[in-house]
Number of protein chains: 2
Amino acid sequence: MASSSGVPVIPQIELPPGFRFHPTDEELVLHYLWRKTESATFSIPVITELDLYKYDPWDLPGKAILGEGEWYFFSPRDRKYPNGARPNRAAASGFWKATGTDRPVHTSRGTLQKIGVKKALVFYKGRAPKGVKTTWVMHEYRLADGISPSSNTTRKPGSLR
Amino acid sequence: MASSSGVPVIPQIELPPGFRFHPTDEELVLHYLWRKTESATFSIPVITELDLYKYDPWDLPGKAILGEGEWYFFSPRDRKYPNGARPNRAAASGFWKATGTDRPVHTSRGTLQKIGVKKALVFYKGRAPKGVKTTWVMHEYRLADGISPSSNTTRKPGSLR
């Protein structure tokens, strides 16, 4: 959301000019994703919760609380088959396809423990396996196995740029 | 300033994790520098005022209100000779030397007017013309000629990284 002067506005706080939401991977995983899976409440809403697979990427920026060029969402993960782990990546008028290799997210604290996994996806218009590649990229973060505070989490935030 | 958890703290506001001071050149010039030269007050202190030529660059981060890898200051400009415009760039145990060409700062609003000038400087230890180059870089912003709201300004913010 932006006010008419271009200054980002967050419900309940108005930030001075020059402040932006530029989280590190560790902050996204430990503060936002982990707390979300614990059903913790956030005193100030920063990340919108929605099912991003119901939308095309160009419809998402308008639904974010804040962001300039990058937008953040918590989104449930849909399964392709009821009993399988494989995620359903179909979206409104296309699909998201993984690109590159998944990257571990480590904590910068003493332990350097692996706390999450970051996956890059590209949006294709049309239906797999055809589809026309676009320049929309999503970074999906999930908690690393074994560090989930609750065992039945199915939510993760996506960073879209 | 950072709290023990690494979350940036501003006097009077505590920002949620992931928020950082990453101003654009236009925000620095129009919001911070211009307002400073008008002696406007800032509701929340973000940029420390000090004479940065009294210090070595490695002593400055601890004096900034916030910053991670980059720190911002308002600093008066010293003249080399009482009647000349040439600035004195000598600092505690060395000097700052301009590098590259000065770059104009334009407003992104309709007019695209030139509002400021951005100059890059590198810190050298020792005395000119010898001195040993370091990796400390400062970006100095000044208001463009003719847009100064008051004619006798001698202050400018420096971004140090």
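The values are calculated or read from the model by the stated rules, or taken from the named source; none is laboratory data. Quick caveat: nothing in here was measured; it's all calculated off a predicted structure. Cβ coordinates were reconstructed from backbone atoms using ideal geometry, including for glycine residues, and neighbour counts include every protein chain displayed. Surface areas here come from the heavy atoms of the whole protein model, side chains and all, with no ligands, DNA or RNA. Shrake-Rupley method; radii C 1.70, N 1.55, O 1.52, S 1.80 Å.
Key figures for this structure:
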read-out: Counted residues, segment B:34-59 - those being in contact with a helix residue (DSSP H, G or I) (Cβ under 8 Å, 6 or more places away or on another chain) and outside any strand (DSSP E or B); value: 5
read-out: Neighbours by Cβ (under 9 Å, 6+ apart or cross-chain): first from segment B:40-62, within 14 Å of chain A (Cβ to nearest Cβ) and more than 14 Å from residue B:72 (Cα to Cα); second open to solvent by 30 Å² or more (accessible area, probe 1.4 Å) and of a type in the set (S, T, N, Q); value: B:43/B:12; B:44/B:12
read-out: Residues that are in contact with a Phe, Trp or Tyr (Cβ under 9 Å, 6 or more places away or on another chain) and not aliphatic (A, V, I, L, M), drawn from segment A:52-61; value: A:53, A:56, A:57, A:58, A:61
read-out: Residue list for segment A:66-97, restricted to those being closer than 25 Å to residue A:21 by Cα, open to solvent by 30 Å² or more (accessible area, probe 1.4 Å) and either of a type in the set (A, V, I, L, M, F, W, C) or touching a Ser or Thr at 6+ places or on another chain (Cβ under 7 Å) (or both); value: A:70, A:71, A:76, A:77
read-out: Given (1) in a loop (DSSP other than H, G, I, E, B); (2) in contact with an Asp or Glu (Cβ under 7 Å, 6 or more places away or on another chain), number of the condition residue A:121 does not satisfy; value: (1)
read-out: Among residues of segment B:16-27, those that are at the interface with chain A (Cβ under 7 Å from one of its Cβ atoms) and open to solvent by less than 50 Å² (accessible area, probe 1.4 Å), counted; value: 8
read-out: Residues of segment A:77-103 classified as part of a strand (DSSP E or B) and either among the acidic types (Asp, Glu) or in contact with an Asp or Glu (Cβ under 6 Å, 6 or more places away or on another chain) (or both), total; value: 1
read-out: Filter result for residue A:112 (away from every other protein chain (no Cβ under 12 Å) and open to solvent by 50 Å² or more (accessible area, probe 1.4 Å)); value: yes
read-out: Residue check, residue A:98 more than 16 Å from the chain's Cα centre (by Cα) and under 18 Å from residue A:77 (Cβ atoms); value: no
read-out: Residues (assigned to a strand (DSSP E or B) and either open to solvent by 40 Å² or more (accessible area, probe 1.4 Å) or of a type in the set (Val, Ile, Thr) (or both)) located in segment B:125-143; value: B:125, B:132, B:133, B:134, B:135, B:136, B:137, B:142
read-out: Subset of segment B:33-60 (residues that are surrounded by 14 or more Cβ atoms within 10 Å (Cβ to Cβ) and either hydroxyl-bearing (Ser, Thr, Tyr) or within 25 Å of residue A:22 (Cα to Cα) (or both)); value: B:33, B:37, B:45, B:46, B:47, B:48, B:53, B:55, B:60
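Condition check ((1) more than 18 Å from residue A:143 (Cβ to Cβ); (2) charged (D, E, K, R)) across all residues:
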position	(1), (2)
A:77	no, yes
A:81	yes, no
A:105	no, no
A:111	no, no
A:117	no, no
A:129	yes, no
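Yes/no per residue for (1) modelled with pLDDT of 85 or more; (2) of a type in the set (A, V, I, L, M, F, W, C); (3) out of contact with any Leu (no Cβ under 6 Å at 6 or more places or on another chain):
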position	(1), (2), (3)
B:24	yes, no, yes
B:31	yes, no, yes
B:36	yes, no, yes
B:47	yes, yes, yes
B:55	yes, no, yes
B:80	no, no, yes
